[in-house]
1. Under a 5 Å amide H to amide H cut-off, with H placed in plane at 1.01 Å, what residues pair with G216 once short-range neighbours are removed?
2. Applying the Karplus parametrisation 6.51 cos²θ - 1.76 cosθ + 1.60 with θ = phi - 60° to the phi angles of region 571-577, what ³J(HN,Hα) value in whole Hz is obtained for each residue in order, glycine and proline being reported as x?
3. Using the Kirkwood radius over C-alpha pairs as Rh, can you work out the diffusion coefficient of region 283-363 via Stokes-Einstein at 25 °C, viscosity 0.890 mPa s, in µm² per second?
4. Grab the Cα-Cα distance for Q506 and R345, subtract it from 0.36 nm times how many residues apart they are, and report the gain in nm with one decimal.
5. Kindly flag which residue pairs out of K159/K290; K290/K341; K113/K156; K264/K341; K468/K517 have an alpha-carbon separation exceeding 28 Å in this structure.
6. Over region 89-245, average the accessible area per residue using a 1.4 Å probe and give it in Å², no decimals.
7. Treating only the Cβ of Lys, Arg, Asp and Glu as charged (+1, +1, -1, -1), what charge dipole size does region 196-305 show about its Cα centre? Round to the nearest 20 debye.
8. Rounded to the nearest percent, how much of the accessible area of region 10-50 (1.4 Å probe, protein heavy atoms only) is carbon and sulfur?
Amino acid sequence: MAARTSETAFSPNGQYFANVSTDSRLKIWECESGRPKQEFTPASHLSAACTCLVWAPPTKQPEQIVNQKKKKRKSNGEERSGVAGSDIIALGTASGNILLYSLNRAELVQQLKGGHTGKIRSLCFNSDGSSLFSAASDQKIVEWDPVEGVMKSHWKVEKIHVSRICMLQDDCTLVIAGRSIQCWNVESRSIVATFTGHTTEITHLLPVYLPGTKVGYFLSAADGDRCISAWRFVGEEKNGQSQASFTLQDDPYNFTVSKPVSDKDPVVLAAVTVTGILHIFEHHLNGRSKKPLQPVVKIHIGSDVVGTASPLPVLSAYSCGDADGNCIIVYGSLVRPGFEKMCYRSQEGMAYIVRRDPASLDNSKFDTTSSALKLKTPILPADVKTLAPEYMVPMAASAEVGGVVAGRKRRTQNSESSSGPVSAKDSLPMEQRLSALNLTKTVDAVAPPQADNMAQLLLQGLHSRDPKILQSVLDRGDVHIIGNTIRRIPVQAVLPLILELTRMMQFRGHPNYSYAKWLRSLLEHHAGYLTSCPDLASVMTPLLALMTARTSLFPKLSQLRGRLHLMLGELEHRSDKQDSTTTELPATALLVYREESSDEASEEGDWPLQSGSESEDQWDELSDYGESMDVNEVKGDSDQESDDEDNNEEIDEEVEEASDNDIESVVENGLSD
């Protein structure tokens, strides 16, 4: 998009070129000599910036207007300030007021107030300059009387967002454009025709005056279209299509159209693109053209610097409409532009012209003094009071009587009633004087203004695509600065900013956190504009894919974090519970008990046997007896069945006696040990 957002316009006769800079200063140059003519600074240029300007049309009968001015007098006998004529420039402001500046008188001649509550977006005069129409952001159309300074009529437009207006040559049809185009009858305040318009907001609207016809033609250009459309209005026409399309190499920055002298002469359109290239078209508007029209010539201007040739952008152009095909070209910079009148018909196709940069010219050839420029500075009202400390008030003028200054006498306690002027410093108490001399004492002063937004720096970075400037702005994470900056940027910079944020968020690192803040604030403040953009899908699709890829692992990480949180919480709960229920044991044992080996064996049921004791002999006898018993049982099972009971009883008795003897021996041995 165009970075040069200042408003420019040629006077109706092409003699002067006017420009409103970004700081709302009106500058006027003479096109023939290229010298600055006048400079005007409105009193409210800081609080209410100038948003648009338009020249008043030339009057048809200047003698009658002069006589009418002489007849109308004010009550104090001064001549009434009229505004009819081509020397009047109408300036629209952001506060809703309209300023009328006179080039001949070099002063502000009228202020139109009370008609709008929003920013003035477009202005236009009728053919004789008797009515001025204004459109503002409050969706109101107001008709003014520029001579009397009063409002004639007003109505509100509901269906479209008004961005530009123009008056057709019949002086009764007002064209109102947003995205679509409507033709309104000024007298009945009704819509008489509608046109399809453009897919984006219309940024330029210009009427075409043709001799000997009542058909109304007008040209329009929209943001991002790279073409200029011609429309034809004849009576009531619904959903009319464009009659012709003028193809440009880039988006149009501004354009002018000539007024043919006869119906045989073509309409000459001089269009300047945002890249600084001039396109000149010649076409007869007598019907619909099926193919897009190509320019007759494209003019590029470059500097004559030795070594590296840099382009000089064309700022504006004015077609003179004569038979020779002359046009006035403004190139270079709006700070010091260059002017040249050339014949475009002598060029063919793509023309490259080398000129010297106007910024490198010697300043001595231009008289830039205030008297030469008729510089007008803001005039402060007479009732303005300047606040200052008492000791800073200047001393009153003393009167000399007989060569003696009366005010220079030193006052004493006895001379308090003496007459004569006394300075404010002499009346200051000693305590205040000492406090004023105390340098270490902090004085309550008004804090300097804080830069709470970086809108201009961001726009500069977006236009130049300088990564250092963009990073210096977008790396800031202060929410207050981000919100104020986003609110102050124009809607034309929203989509380029989204593209830059998408490109910068593709790199990994901590700055992505600040970029996400910028993107969130941008979507919050400009959601309405983004939803109305036709190419929003192509802009937001890469960003959505990037965010989806970055957040694909977020659900799994959230689940893992939840599980870890539960585990750590359970462990912490257990440790807290154990600490609260358990008591610390002493470091040393209160009682130590050692068991012998015999005791351990007795608990397990194993009885220790001593070698060489009587118990061993008894166990041996028992084992021999058992073996003999088993042999006898094997040999004579059938023969000794009757004697089993007797033998068993004898064996039991012997076993019992042996066991008793063994127990007694063990006990005796244990006691003896």
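The values are calculated or read from the model by the stated rules, or taken from the named source; none is laboratory data. Predicted model, so just to flag it, every value in this text is computed and none were measured. FYI the Cβ positions are ideal-geometry reconstructions off the backbone, even for glycines, and counts take in every protein chain you see. Calculation scope for accessible area: heavy atoms of the full protein, side chains included, ligands and nucleic acids excluded. Shrake-Rupley method; radii C 1.70, N 1.55, O 1.52, S 1.80 Å.
1. F233
2. Values, residue by residue: 5, 5, 5, 5, 4, 5, 5 Hz.
3. Estimated diffusion coefficient is 169 µm²/s.
4. 52.9 nm
5. Numbers: K159/K290 30 Å; K290/K341 33 Å; K113/K156 17 Å; K264/K341 24 Å; K468/K517 19 Å.
The pairs that break the limit, which is 28 Å between Cα atoms, are K159/K290; K290/K341.
6. Accessible area per residue: 37 Å².
7. It works out to roughly 440 debye.
8. 43 percent
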